[in-house]
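Scroll down for the structure; my scribbles are underneath it.
The values are calculated or read from the model by the stated rules, or taken from the named source; none is laboratory data. Quick caveat: nothing in here was measured; it's all calculated off a predicted structure. Cβ sites come from the backbone with ideal geometry, for glycine too, and all protein chains shown count toward neighbours. Ligands, DNA and RNA are stripped out before the accessible areas are found, and what is left, the full protein with its side chains, is counted by its heavy atoms. Shrake-Rupley method; radii C 1.70, N 1.55, O 1.52, S 1.80 Å.
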Amino acid sequence: MKGLHQQSSLLSALSKHNVVPTEKAEKISADFIRQNKPFLRYLVEDKEINAKDIASTLSRSFGCPLIDLEHFDTSLIPEGIRNEKLIRKHNALPLYLRGKVLFVAMSDPTNLDALEEIQFNTGYATELVIANETALSHCIEKLLEADSDALGISDIDAKALAGIDVQEERKQEENIGLGDKEDAPIVVYINKILLDAIRKGASDLHFEPYEKSYRIRFRIDGILNEVARPPVALAARMAARLKVMSKLDIAERRVPQDGRIKLALSKKKSIDFRVSTLPTMWGEKVVMRILDSSSAMLGIDMLGYAPKQKQIYMDALAQPQGMILVTGPTGSGKTVSLYTGLNILNTEERNISTAEDPVEINLEGVNQVQINTRAGLTFPSALRSFLRQDPDIVMVGEIRDLETAEIAIKAAQTGHLVLSTLHTNSAAETLTRLLNMGVPSYNVASSVTIIIAQRLARRLCTRCKAEEHVPKSELLAQGFLPEQVSEIKLFKPMGCDFCTSGYKGRVGIYEVIKISDITANLIMNGANSLDIAAQCQREGYNNLRQSGLEKAALGVTSLEEVNRVTNA
């Protein structure tokens, strides 16, 4: 009866303004009762009744604002208010937040139940805006299709596409008492956590058991954020579920284990998770690293190199031999810089081999070797094998010891291009680290072509960043040049529905130096890192601090963030 009353109200308003002819209204009313679809959708299927006319008439009749959704960008809708079930149930599209008010587009202004249910589920007061039925339906399908391509797969489909043996999984679960129906919510919950992490751009997930609590944290833009606190009683079951998905031994809880999960998000896109378990006082801590191969396909222009730095890197990649070293702490983006270079070099004419521990991103056309120390497959042994396989380009995941360094340098001196990483704080320290390992200074000077030291800083959200006033004296103290101070505009994070604490995404801060003849002589003469750094400054190469200040002056990041990542 309620639906008929709403239909009658709508039809009365449309008849009054002659959108629906009076003589046609009675026939429509009788026909609609036999239809199993929303009234306005039924109306617009009649080619003689225009959806735009219906929307504008209902907007005037019910005193609601009208919105044109034909060119609306659905990607702007905040993720936290997208509820597929409610959207489909009510044909209602939450659009945006203004303070504590959520604006919802609907074609039917009489559907007050929809507004109440959305308000109850989101916690926001709701405000109705009228949209025409055709554009609204198109917008909803566009949004949900995009979410589905990025995330939306059922549990059973996820396992099938990920190559998980469902029967074997159930058998393992039954062996430890996890095969009953009460664990189905854990399956759904874990899948939701994984998909939320991908959607939010997390790089790592931490599942952490304590004596009286259990927390889940995501590392987003380099910073850990707590996202959930499930009941501590579920700790063992959640760890077991993750181990099953990773094909680990769920009966073994005394020693660390490592595994992988391949999760297919759609037929065209999949994400790998590297999984590590660790026995702690109160259960197994599980840490998952998200390995997204698309990050290697960003292209060098997306990484944040200054034009001069980019040119130095590209010139080095174009050389037939030599060594390119990328340095920085864990999580500074070294892998993405190296893979971006490999992606540029990856052509039919070149034989490329990599030795990695672990292989993080799969690259088609590149021969990638997973180091296995227990089996005797080490970096030195892999490198020796590479040199017997007619390589053009060799990548060593990390130079950790003298033996690896010597073989890599020998390869660079004998007609091969070698790319590798070290864990040092600056470009100059990379050279002295090689010398301290025991590599002869003449080998370092003759083989290393360029060094890239890098950090990752959080990008300011372009929607909410605000100009920040910093006294000139402070700008000078921070390292800005006197001639820059009067023209610099700095920005600070504010925070909005589209970002995390005022930041969204990250950008690289780089020190890129080319080894000149003068620098090579310094190395040969046993100069320390301070002497080498001073020479690089004389040659016009920005250090990490200077590059960071440039990013702040461009409004890309904040001065606070530059101070955080460059340890100023």
Point to revise | Candidate set: the range 429-458, residues that are among the polar types (S, T, N, Q), under 36 Å from the mean Cα position of the chain (by Cα) and within 15 Å of Lys410 (Cα to Cα); chosen: the one most open to solvent (accessible area, probe 1.4 Å) | key: Thr449
Point to revise | Val562 under 21 Å from Ile223 (Cβ atoms) and touching a helix residue (DSSP H, G or I) at 6+ places or on another chain (Cβ under 6 Å) | key: yes
Revision key, fill the gap. In the range 59-94, anything touching a Leu at 6+ places or on another chain (Cβ under 8 Å) and assigned to a strand (DSSP E or B) is listed as Leu93, Pro94
**Study point:** Considering residues of the range 249-277 that are modelled with pLDDT of 85 or more and in a loop (DSSP other than H, G, I, E, B) only, the residue least open to solvent (accessible area, probe 1.4 Å)
**Key:** Ile250
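Every residue, every condition in (1) farther than 22 Å from Val439 by Cβ; (2) assigned to a loop (DSSP other than H, G, I, E, B); (3) open to solvent by less than 60 Å² (accessible area, probe 1.4 Å); (4) among the aromatic types (Phe, Trp, Tyr), yes or no:
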| site | (1), (2), (3), (4) |
| --- | --- |
| Ala533 | no, no, yes, no |
| Leu549 | yes, no, yes, no |
| Ala552 | yes, no, yes, no |
| Glu560 | yes, no, no, no |
| Asn563 | yes, no, yes, no |
Check your understanding: In this structure, is Thr354 in contact (Cβ under 8 Å) with a residue 60 or more places away in the chain, among the hydroxyl-bearing types (Ser, Thr, Tyr) and outside any helix (DSSP H, G or I)?
Key -> no
**Study point:** Within the range 378-413, considering residues that are open to solvent by 10 Å² or more (accessible area, probe 1.4 Å) and of a type in the set (Val, Ile, Thr), the one farthest from Val444 (Cα to Cα)
**Key:** Thr378
Practice item. Scan the range 55-81 and report the pairs whose first residue is open to solvent by 30 Å² or more (accessible area, probe 1.4 Å) and whose second residue is of a type in the set (D, E, K, R), with Cβ atoms within less than 8 Å and a gap of 6+ or a chain change. Key: Ser61/Lys16; Glu79/Arg199; Glu79/Lys200; Gly80/Asp497
Point to revise | Residue check for Ala527: among the aliphatic types (A, V, I, L, M) and open to solvent by 30 Å² or more (accessible area, probe 1.4 Å) | key: no
Revision key, fill the gap. Residues in the range 82-95 that are open to solvent by 50 Å² or more (accessible area, probe 1.4 Å), free of Cβ contacts under 8 Å to residues at least 60 places away in the same chain and closer than 18 Å to Gly123 by Cα total 2
Review point. Of everything in the range 486-524 that's among the acidic types (Asp, Glu) and in contact with a helix residue (DSSP H, G or I) (Cβ under 8 Å, 6 or more places away or on another chain), which residue is most open to solvent (accessible area, probe 1.4 Å)?
Key: Asp497
**Study point:** Single condition Lys514 does not satisfy, out of (1) within 26 Å of the chain's Cα centre (by Cα); (2) closer than 25 Å to Thr340 by Cβ; (3) of a type in the set (Lys, Arg)
**Key:** (1)
**Study point:** Condition check for Glu483: open to solvent by 80 Å² or more (accessible area, probe 1.4 Å), of a type in the set (Asp, Glu) and in contact with a strand residue (DSSP E or B) (Cβ under 9 Å, 6 or more places away or on another chain)
**Key:** no
Review point. Of all residues in the range 296-343, which are closer than 19 Å to Thr354 by Cβ, in a helix (DSSP H, G or I) and open to solvent by 70 Å² or more (accessible area, probe 1.4 Å)?
Key: Met297
Review point. Considering only the range 210-239, how many residues are of a type outside the set (Val, Ile, Thr) and open to solvent by less than 10 Å² (accessible area, probe 1.4 Å)?
Key: 4
**Study point:** First in the range 408-421 and within 17 Å of Thr378 (Cα to Cα), second anywhere and aromatic (Phe, Trp, Tyr) and crowded, with 16+ Cβ neighbours inside 10 Å, Cβ under 8 Å, 6 or more apart
**Key:** Ala411/Phe386
Study note, to complete from the structure: Cβ pairs under 8 Å, 6+ apart or interchain, first in the range 374-394 and assigned to a strand (DSSP E or B), second surrounded by fewer than 21 Cβ atoms within 10 Å (Cβ to Cβ) and charged (D, E, K, R), ordered by first then second residue, are Ile393/Arg350
